[in-house]
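Read through the structure below, which is laid out as structure tokens, and then see the notes.
The values are calculated or read from the model by the stated rules, or taken from the named source; none is laboratory data. On a predicted model such as this, the values are computed, not experimentally measured, just so you know. Cβ placement follows ideal geometry from the backbone for every residue including glycine, while neighbour counts extend to all protein chains displayed. When the accessible area is computed, the model is the full protein with side chains, heavy atoms only, and any ligands, DNA or RNA have been set aside. Shrake-Rupley method; radii C 1.70, N 1.55, O 1.52, S 1.80 Å.
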Amino acid sequence: MTPRPVRVAAVQMVSGGDVDANLVQAAALVARAANDGAELVLLPEYFGILGAHATDKVRAAERDGAGPQQDFLARASREHRIVLIGGSVPIASADPARVRSACLAYGPDGGRLARYDKIHLFRFAHGDEAYDETRTIERGDAAVAFDAPFGRVGLTICYDVRFPELYRALGDCALVCVPAAFTWITGSAHWHLLLRTRAVENQAWVLAAAQGGVHPNGRRTFGHSCLVDPWGALVAERADDGPGVIVGTADPARTADVRARLPAHSHRVL
């Protein structure tokens, strides 16, 4: 399959605990992205629910293959004839106290193309903020990428971006997706640095869709949804808080140029 230029979009949201309200917001933003010519649209982590408590997503868990969030992704991808990637959907696991945090990709016909379960689970404490995803999420165990008409697409989620070995395990991708809900503290320090590093070391396009703003639960997320090219340059970015869409073109000619001038992949010895 020969990669070709593709218009891609990252949707930024400020999700709350009401799944129906979040999906209404997501539907309008996906439609805006599609109207701007996007063929692939990425929704952020927790696009369907970011509740007052970590356990809220467990109560909203869906069985694999059916549920409001999955139905929305299938319907919207089919309606707009796009590849639509839901940053994370809580999928029931064998442990009733935990879910799988699944990044789900759907094709233009509404069929599911891929499922990636988040491997690296976030734990962080700073002042009044404390997070430990291991309490409510069961980790995944496999890297996932899928083939699209415009090239191979790798799937990761948020905290995964700190682990370069996962990105190597994805293989040679035209585009890597990073749906996220970075905290303000970690995002302001590391968001751009990490995304640009993953793009540079893999010489691939990186598309990041973030939660961005103050949520009903009081949590503040960093936002700055963006598209990064294989040289590490920011091609498009949403600098403001709040819901919105950024759109850009991921051009394989740029990837080929970067790899020709600096053939780092051929220099690897491990």
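If you roll a 1.4 angstrom probe over the protein chains with everything in place, what fraction of the accessible area of segment 146-258 belongs to carbon and sulfur, to the nearest %? So the carbon and sulfur contribution to the accessible surface is 54 percent.
In this simple spin-label approximation, Ser188 and Ala27 carry label points 7 Å from Cα along the Cα→Cβ vector, and these lie 3.6 nm apart. Measuring nothing but protein heavy atoms, the accessible surface of segment 34-110 at 1.4 Å probe radius is 47 percent carbon and sulfur. Heavy atoms of the protein chains alone define the surface here; on that basis the chain has 41 Å² accessible area per residue at 1.4 Å probe size. Between Ala52 and Ala260, the FRET efficiency estimated from the beta carbon spacing at R0 = 41 angstrom works out to 0.20. Within the shell defined by Cβ-Cβ distances under 12 Å, the residues around Ala114 carry a net charge of +1, with Lys and Arg each +1 and Asp and Glu each -1. Residues of segment 11-34 with backbone nitrogen within less than 12 Å of a virtual label 7 Å along the Cα-to-Cβ line of Asp71, please, listed as ranges. 20, by backbone N distance to the label point. Counting only DSSP beta bridges with both residues in segment 153-234, the antiparallel share comes to about 45 percent. Other residues lying with their Cβ under 13 Å from the Cβ of Gln12 contribute a combined charge of -2, Lys and Arg counting +1, Asp and Glu -1. Using the Cβ-Cβ distance between Glu79 and Arg168 with R0 set to 41 Å, the FRET efficiency works out to roughly 0.70. For segment 71-90 versus segment 101-148, the inter-centroid distance based on Cα atoms is 16 Å. Among the trypsin sites (Lys or Arg not before Pro) in segment 36-93, those located in a DSSP loop and surrounded by at most 13 other Cβ atoms within 10 Å of their own Cβ are Arg63, Arg81.
Extending 7 Å from the Cα toward the beta-carbon at both Arg63 and Arg4 defines two label points whose distance is 4.0 nm.
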